[in-house]
Amino acid sequence: MKNKTRILVASLVVLIFTLSIVVVAQVNRPYRNGSVWQVSFIRMKPGMESAYLDYIATDWKRNQETMKKDRLILSYKVLTTEAHGAADWNILLMTEYKDMATLEANEAKEDALYQRVIGNDEKQRQGYRERLEVREVMGGRLAREIVLEPRR
């Protein structure tokens, strides 16, 4: 009888332990992962703000709108701020992707779009060289939005 009791107690301990693991695994967090933002930190050179913003309002915007129309991106934003020093950025270019998988999966499509909208590799390099005269790329980041509501 003692062996049956020990087996029953051991079985109950294992069952309780297993159920507690299941409960812990089902934690309901009050947030979820959202979209992914590709962010570029740019410093417009002194006196060149108008020239660079003209580029942003034409060629850069046309490229972003085409990517949006082709559903490669969700949205885009341009933010400006005052620089806090000579080596600080003063414009932020932001492009929103559905998620990291979409960003990575569409790299080839995005490159083909650049070829179609902007031009071949040499034309793209020429554009980069021209923009070097009016702006400096200070850095970039990928950032994931956190949505402050539970996963559905």
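The values are calculated or read from the model by the stated rules, or taken from the named source; none is laboratory data. It should be emphasised that the depicted structure is a prediction, and the values quoted were computed from it without experimental measurement. With ideal geometry, Cβ positions are generated from the backbone for all residues, glycine too; neighbour counts draw on all protein chains shown.
Could you list, in sequence order, all residues of region 77-107 that are among the acidic types (Asp, Glu), assigned to a loop (DSSP other than H, G, I, E, B) and within 16 Å of Met67 (Cβ to Cβ)?
Going through region 77-107, the residues among the acidic types (Asp, Glu) turn out to be 82, 88, 96, 99, 104, 107.
Cutting the leftovers down to assigned to a loop (DSSP other than H, G, I, E, B) gives us 82, 88, 99.
Of everything in region 77-107, just one residue is among the acidic types (Asp, Glu), assigned to a loop (DSSP other than H, G, I, E, B) and within 16 Å of Met67 (Cβ to Cβ), namely Asp99.
For Leu103, are the conditions met, namely being touching an Asp or Glu at 6+ places or on another chain (Cβ under 8 Å) and either without any contact (Cβ under 8 Å) to a residue 60 or more places away in the chain or of a type outside the set (Gly, Ala, Ser) (or both)? Here the answer is no, as Leu103 does not meet what is asked. For region 102-152, the candidate set comprises residues that are in contact with a Gly (Cβ under 7 Å, 6 or more places away or on another chain) and not charged (D, E, K, R); within that set, the residue that is nearest to Gln38 (Cα to Cα) is Ile146. Just one of the listed residues (Arg151, Arg141) is over 21 Å from Arg62 (Cα atoms), touching a residue at least 24 places away in the same chain (Cβ under 8 Å) and under 17 Å from the mean Cα position of the chain (by Cα), namely Arg141.
For region 60-75, enumerate the residues that are of a type in the set (D, E, K, R), closer than 21 Å to Ile42 by Cα and at pLDDT 95 or above.
Those that are of a type in the set (D, E, K, R), closer than 21 Å to Ile42 by Cα and at pLDDT 95 or above: Lys61, Glu65.
Filtering Phe41, Phe17 for residues that are outside any loop (DSSP other than H, G, I, E, B), modelled with pLDDT of 90 or more and either of a type in the set (A, V, I, L, M, F, W, C) or loosely packed, with under 10 Cβ neighbours inside 10 Å (or both) leaves a single hit, Phe41.
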